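Reviewing the structure listed below.
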Amino acid sequence: MNRLQVLFLVLLIGFVALVWLGTGRVPRPKVVESVSSVVQPLPQITPTTQITHIDQGLIIPVAGVRSDQLIDTFTASRAEGRTHDAIDIIAPADTPVLAAADGTITKLWQSERGGTTIYQLSADQKMIFYYAHLARYADGLTESKQVRQGEVIAYVGDTGNAGPGNYHLHFSIAIVSDPKRYWEGTNINPYPLLHK
């Protein structure tokens with residue numbers, strides 16, 4: 001299976017999960033005549049969109065972490081029947097968190113689950129990078145700030161529901177159709193994009 005097929009499969013699974021979670025009930029099985037009939041309603045969510053970002057080359061957003069240290073936790077179970085939809089990158093407290101790509105800081109947010117968080121919009125405005133459980137933001141980081149790939153934006157922590165001493169970066173990527181609605185989107189697995 002090539003990368004394009006894997007990425008398409010991830011998108012298809014994400015779409016089905018989104019429909020299932022959005023309706024609150026299990027969808028009835030449908031007979032699909034062709035794969036294109038499933039993709040057409042969501043033209044903004046395509047393997048081509050993801051390929052662009054693979055070609056641009058995301059970096060691992062934690063200083064000093066190698067790709068062979070990453071663990072794919074995207075489909076791991078979480079409380080309340082949720083799936084993780086992200087990866088956890090383990091690192092010591094206060095390790096610099098780096099911008100995975102060029103973009104704009106859309107939102108700095110304190111949440112119950114994520115603790116200290118950052119939403120970053122990609123330069124092409126098609127993806128949101130979400131960084132959570134941060135100890136603190138980098139000095140001078142503000143909403144609307146343009147950041148460059150590799151720039152220090154925060155530091156690894158254990159805020160939110162990470163648990164005391166469980167230092168890691170919760171990192172997710174979502175494809176968005178409206179950049180102003182940064183909290184909505186279809187999550188894609190960061191692991192294959194970072195584990196090269």
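Quick notes
- Mean separation of Cα contacts under 8 Å, 6 or more apart, over the residue count of region 57-194: relative contact order %: 28 percent
- Qualifying chymotrypsin sites (Phe, Trp or Tyr not before Pro) in region 134-168, where qualification requires a DSSP coil assignment and no more than 14 other C-beta atoms within 10 Å, are lacking entirely.
- Cβ-placed point charges (K, R +1; D, E -1), dipole of region 57-194 about Cα centre in debye, nearest 20: 180 debye
- Taking other C-beta atoms within 10 angstrom as a stand-in for reagent exposure, VAL97, VAL152, VAL62, VAL176 fall in the order VAL152, VAL176, VAL62, VAL97, fewest first.
- Amide hydrogen neighbours beyond the local backbone of ALA154, cut-off 5 Å, H modeled: VAL97, ALA138
- Fewest-first ranking of ILE188, ILE90, using other Cβ atoms within 10 Å as the exposure measure: ILE90, ILE188
- Legend: ranking of residues HIS195, HIS170, HIS133 from fewest to most surrounding C-beta atoms inside 10 Å; resulting order HIS195, HIS170, HIS133.
Computed from the coordinates by the stated procedures, all read-outs in this text should not be read as laboratory data. A quick note: this is a predicted structure, and the numbers were derived from the prediction, not measured. Because the Cβ atoms are built from the backbone with ideal geometry, glycine has one as well, and the counts that use them run over all protein chains shown.
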